[in-house]
Amino acid sequence: VALPITFLSDYGYDDEFAGVCRAVIARIAPDATVIDLTHGIAPHAVHQGAVVLARALAYAPVGVHLAVVDPGVGSERRAVAVEAGDGRLLVGPDNGLLRPAVDRLGGVVRAVDVSATPVRLDPVAATFHGRDIFAPVAAHLANGARLEDLGEAFEPEGIHALEVASRVVAHAVAVDRFGNVALDLAESDLPAAGIEREERFAATAHGRRLEGTYARAFADVPEGEPLLYRDAADAMALAVNRGSAAERLALEPGAEVVLTPA
Amino acid sequence: VALPITFLSDYGYDDEFAGVCRAVIARIAPDATVIDLTHGIAPHAVHQGAVVLARALAYAPVGVHLAVVDPGVGSERRAVAVEAGDGRLLVGPDNGLLRPAVDRLGGVVRAVDVSATPVRLDPVAATFHGRDIFAPVAAHLANGARLEDLGEAFEPEGIHALEVASRVVAHAVAVDRFGNVALDLAESDLPAAGIEREERFAATAHGRRLEGTYARAFADVPEGEPLLYRDAADAMALAVNRGSAAERLALEPGAEVVLTPA
Amino acid sequence: VALPITFLSDYGYDDEFAGVCRAVIARIAPDATVIDLTHGIAPHAVHQGAVVLARALAYAPVGVHLAVVDPGVGSERRAVAVEAGDGRLLVGPDNGLLRPAVDRLGGVVRAVDVSATPVRLDPVAATFHGRDIFAPVAAHLANGARLEDLGEAFEPEGIHALEVASRVVAHAVAVDRFGNVALDLAESDLPAAGIEREERFAATAHGRRLEGTYARAFADVPEGEPLLYRDAADAMALAVNRGSAAERLALEPGAEVVLTPA
């Protein structure tokens, strides 16, 4: 039986990119279940993709994890497949996208460069490695192929990292459709900044300021009240109950947000 | 073998919410087929979700039906799993979302409160019961678990209902991307209002007025002509052939539309 | 075992249309794997759907290929199922949508009119043949039903064609979310127009003009530079490296683009 494959990308839904990758997988590994985590990562937003991937994999079955947010496609950036400490297999561009996930999953145990993998679809399109390299590699791994048969081994430490943000100055990493804004900040970072549960906080961004309550849930604050809360992924997030924090602070993924006690 | 699971929500496609729920299901019930009905329900639009769910389930295989449109997540609203008269199992928040569907499916035969279900993912995030409560319950039901092992039984009549709209004053329940507007109105409601097939009608909303033909299909009216028709879900809908009724009347889901003969 | 089914449409993601078709398929052919190619074809854009379908099927497993972009639903246009020369089975409206794909797949070997197919869902909604005709036909084909049992045979040459665009005057067939614009133009058409690889070209549309380099990949031109390149589907495409060609030329699918040497 084939391993399940999760799939995350910035391909969006207007085009057939994600669908064609799934078609390629279905041709090579017809028995593999494919679970679309999301294809709604902002275009080229490697940092956002990395954060979403890392927190989603904690909930996914052990298997193959395909991720493609790849602004450097067609350049010399490496295409890789890696095995994490817990046995999961991750496939994608080596641009930092995979690193936060593998760091959470026990680190990189083995890594291969699949840029010239023998299972590629020839000719490889310079602009669509998802279809021609990453999807075939993921599908063959789901079928039980060994890493070393799909690419050239290299030192696991060679996998690229992402820049880590500072702790009091946070960044918006995701804005959902309700206008809630996830930050690159863990709850454990807040006490050091003097921000305490049930107390008031202030968030400033783009010169705008929002004051509210550091609460447990939306239901704990009145309608229209801003809140800071630990979201379902254990990241800190800004929201306005039945409103939009993103709108109030004009936030988009990547924007800097400074948190202080109010 | 596992039961199939249908899945409807207001999670949208930009975020990984629906994908993470699918990941949770795949981990617990790897053999269950998951059929996404839609994740495009407007945010927090319980009424729209209820109508879409009720009409979609008529076409779905008998199985487990997961639905999450849940503005009250984190409050005291009940999380439930219910068995309908025809054997289908519905899982979601007890805020009216499930009621029109179960009413069409033979009513509620058994109901359990799964708010503290033993199969929850601990700790339960205050803002993401889809992942931590509803998806695990749906997956275990697909695997054959019994309702009574997943929650506390309560009286079936206790399931919350939605408000029912009036008959001549209708509401837009869904606007599709073509600008067609589904109304909370059945064909059988129209004669009482003096609106007859093949005759002229008028629709007014926001002080704007649209006159057209009560027709069978788009092809029955010229380009640019408004029409009232029974849509594929047997709901009455407003459209403009190759145009947008939503734009002409500035309609969004929830808006009031008054129908009269023209 | 059932054949896999690919599914392409202009149903979008806001509504349950595609999900309900998948529900219908799951009820009839529970063992068939369904691969959504995309449901993001622009509403009623038959030409765009035809081009996307033709290039996607080259990557899909042999099976049943359901495609619904159907502005004439409810009129007298024929609903068809056809067998291509390579054994694939295509199902959809006979409005030109299927033709470029079957032409690439060895032409039409057999064709049946399924407008009154015995496997339809009764009553057939005048506006939703996807659910009531096409999905059931696709599902029964996946289960191994024979074409001749699902409809009335007709002469294969009777399948409708699309208009073919001129060669130097191209059209935008797809704009992706990065603002890249695919054209209805093959690389082999360019030399005749005096446009050579590595040389400068000019594109004009709506009275606007864009000059750039006919390159291999984004990485070959500096940031901000326009490029003409062969995309992953072997179609010529316009882009601006880290920018939007669509915005610069105000392009939408269907718009005319004139290409010349610069």
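For B:56-64, what's the mean count of beta carbons from other chains sitting within 10 Å of each residue's beta carbon?
5
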- Query: At what distance in angstrom do the alpha carbon centres of the stretch A:178-202 and the stretch A:23-46 lie from each other?
  - Reply: 33
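Over chain A, average the accessible area per residue using a 1.4 Å probe and give it in Å², no decimals. Display every interim value, and only then the final one.
Values: 9920 Å² over 262 residues.
With all protein chains present, chain A gives 38 Å² per residue.
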- What ranking of B:S9, A:S188, C:S244 comes out by heavy-atom accessible area, probe 1.4 Å, highest first? A:S188, C:S244, B:S9
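First compute the accessible area of the stretch A:97-194 with a 1.4 Å probe, then give the percent of it belonging to carbon and sulfur atoms.
Working: 2200 of 4270 Å².
Answer for the stretch A:97-194 is 52 percent, counting heavy atoms of protein chains only.
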- Query: For chain A, what is the calculated [θ] at 222 nm in deg cm²/dmol (nearest 500), taking -39500 (n - 2.57) for each run of four or more DSSP H residues and dividing by its residue count?
  - Reply: -4500 deg cm²/dmol
- Task: Restricting things to alpha carbons, tell me how big the protein assembly as shown is in terms of Rg and Dmax, in Å.
- Result: 26.4, 78
- Name the residue farthest towards the positive end of the dipole of the stretch A:22-86 from the options A:A81, A:V69, A:A26, assuming +1 on Cβ of Lys and Arg, -1 on Cβ of Asp and Glu, about the Cα centre. A:V69
- Message: Keeping all protein chains in the complex and leaving out DNA, RNA and ligands, what accessible area do you get for B:D15 with a 1.4 Å probe, in Å² to the nearest 10?
- Response: 10
- Quick one: net charge around C:V20, please, counting Lys, Arg +1 and Asp, Glu -1 for every other residue with C-beta under 13 Å from its C-beta. -3
- In Å², nearest 100, what accessible area do chains A and B bury in total when the solvent probe is 1.4 Å? 2300
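Please find the FRET efficiency linking C:D31 to A:V258, where r is the Cβ-Cβ separation and R0 is fixed at 45 Å, and quote it to the nearest 0.05.
0.25
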- Item | Other copies of A:V109: label-to-label distances in nm, shortest first, labels 7 Å along the beta-carbon direction | 4.6, 4.6
- Restricting to Cα pairs under 8 Å and 6 or more apart, the percent relative contact order of chain A works out to 16
- Message: How far, in nm to one decimal, is A:P123 from itself in the other copies if the label point is set 7 angstrom along Cα toward Cβ? Shortest first, please.
- Response: 5.6, 5.6
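For chain A, which longest stretch is free of loop sites, where a loop site is one of the GluC sites (Glu not before Pro) that DSSP puts outside H, G, I, E and B and that has at most 10 other Cβ atoms within 10 Å? All intermediate terms of the calculation are to be shown ahead of the outcome.
Details: sites that count: A:E76, A:E163, A:E198, A:E223.
The reported range is A:77-162.
With charges set only on the Cβ (+1 for Lys and Arg, -1 for Asp and Glu), what does the dipole of the protein assembly as shown come to about its Cα centre, in debye to the nearest 20? Before the final figure, lay out the partial values.
On the way: 66 positive and 111 negative charges, 18 e Å.
The calculation lands at about 80 debye.
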- Query: How big is chain C by Rg and Dmax over its Cα atoms, in Å?
  - Reply: 19.9, 59
- In Å and whole numbers, how far do the C-alpha atoms of the stretch B:60-127 stretch along each principal axis, longest first? 34, 22, 20
- at C:E211 the sorted inter-copy label distances (label 7 Å from Cα on Cβ side), in nanometres, are 5.7, 5.7
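Averaging sequence separations of C-alpha pairs under 8 Å and six or more residues apart, then dividing by the length of the stretch B:114-262, give the relative contact order as a whole percent.
On the way: 264 pairs, mean separation 35.8, N = 149.
Averaging sequence separation for qualifying contacts and normalising by length gives 24 percent for the stretch B:114-262.
The values are calculated or read from the model by the stated rules, or taken from the named source; none is laboratory data. No experiment lies behind these values; they were computed from the predicted model shown. Glycine also receives a Cβ, built like all others from the backbone with ideal geometry; neighbour counts cover every protein chain displayed. All accessible areas refer to the heavy atoms of the entire protein, side chains included, with ligands and DNA or RNA removed. Shrake-Rupley method; radii C 1.70, N 1.55, O 1.52, S 1.80 Å.
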